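Asks: Have a look at this one.
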Amino acid sequence: MPKSEMLSQDDPKSRPMLELREKLQPEVIELIKQQRLNRLCEGTCFRKISARRRQDKFWYCRLSPNHKVLHYGDIEEFSQGQISHDSLQDKVTVADIKAVVTGKDCPHMREKGALKNKELLELAFSILHNSDEYLNFIAPDKHEYCIWTDGLNALLGKEMTTELTRSDMDTLVTMELKLRLLDLENIQIPDVAPPVPKEPSTYNFVYDFTQQHN
């Protein structure tokens, strides 16, 4: 049977496929989590949104390699490369982060006119730390928004819920399924597990190593 026919025959909604998908999910979630945290360690350049909506000032934020501190600070110009931790003047300890809020729940989105800007609302997120202090972000694009909100939630031990994670999850699980099925060509996967055979009536066929022979 051609491989393509085998894959199509194994309905992804069949019980064996669903069970295998469910088994793979924790491993894939951990892989996505590590990818998100690695990206936060690389850091991102964010634009500052002024009252006059001029986007000519920038700041940089990155996670420390041990995942314990967020380093951030103003920079002179937009940077696509990494900024060293020593160049970033401020920091927030991850242990002090209380919550991550997004969209209209962010303090900098409550300003007059901000709630009417749908583009900014979709890119805005904030870190609540030290009970009543916020570190406010406007992501450069939707991809970075997903990376950062996923990564921050992962740091807090919370679920990663963005559409990017859902897409990555589906892609990676599907790829892993296909890789595992490569060795099953021409093998029919049953819908239910085969019955367990009955025990033999006697075990006399088992070799007794304690028996002495001349």
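Asks: Gain in length, Val196 to Arg110, computed as 0.36 nm per residue apart minus the alpha-carbon separation, to one decimal in nm? Write out the running numbers ahead of the final one.
Replies: Details: separation 86, 0.36 × 86 = 30.96 nm, distance 6.36 nm.
Roughly 24.6 nm would be gained on extension.
Asks: Using 7 Å Cα-to-Cβ label points, what is the Glu163/Leu18 separation (nm, one decimal)?
Replies: The two pseudo-label positions are separated by 2.7 nm.
Asks: Over 31 Å between C-alpha atoms is what I'm after, so list which of Lys118/Lys178; Lys158/Lys178; Lys104/Lys178; Lys68/Lys118; Lys57/Lys118; Lys23/Lys91 land there. Kindly include the intermediate steps, with their values, before the conclusion.
Replies: Working: Lys118/Lys178 39 Å; Lys158/Lys178 29 Å; Lys104/Lys178 41 Å; Lys68/Lys118 33 Å; Lys57/Lys118 21 Å; Lys23/Lys91 39 Å.
Among Lys118/Lys178; Lys158/Lys178; Lys104/Lys178; Lys68/Lys118; Lys57/Lys118; Lys23/Lys91, the Cα-Cα distance tops 31 Å for Lys118/Lys178; Lys104/Lys178; Lys68/Lys118; Lys23/Lys91.
Asks: Let me ask something additional. Over the Cα atoms of the stretch 101-167, compute the convex hull volume and normalise it per residue, giving Å³.
Replies: On the way: hull volume 5.5 nm³, N = 67.
Roughly 81 Å³ of hull volume per residue.
Asks: DSSP loop trypsin sites (Lys or Arg not before Pro) in the stretch 94-161 with at most 11 other Cβ atoms within 10 Å of their Cβ, which ones?
Replies: Answer by residue number: Arg110, Lys112.
Asks: Once you have the Cα-Cα distance between Leu31 and Glu133, take 0.36 nm times their residue separation minus that, and quote the gain in nm to one decimal.
Replies: Roughly 33.6 nm would be gained on extension.
The numbers here are math on the coordinates, done by the rules we state, and not lab data. All values derive from a computational prediction rather than experimental measurement. As a convention, Cβ positions derive from the backbone with ideal geometry for all residues, glycine included, and neighbour counts pool all protein chains shown.
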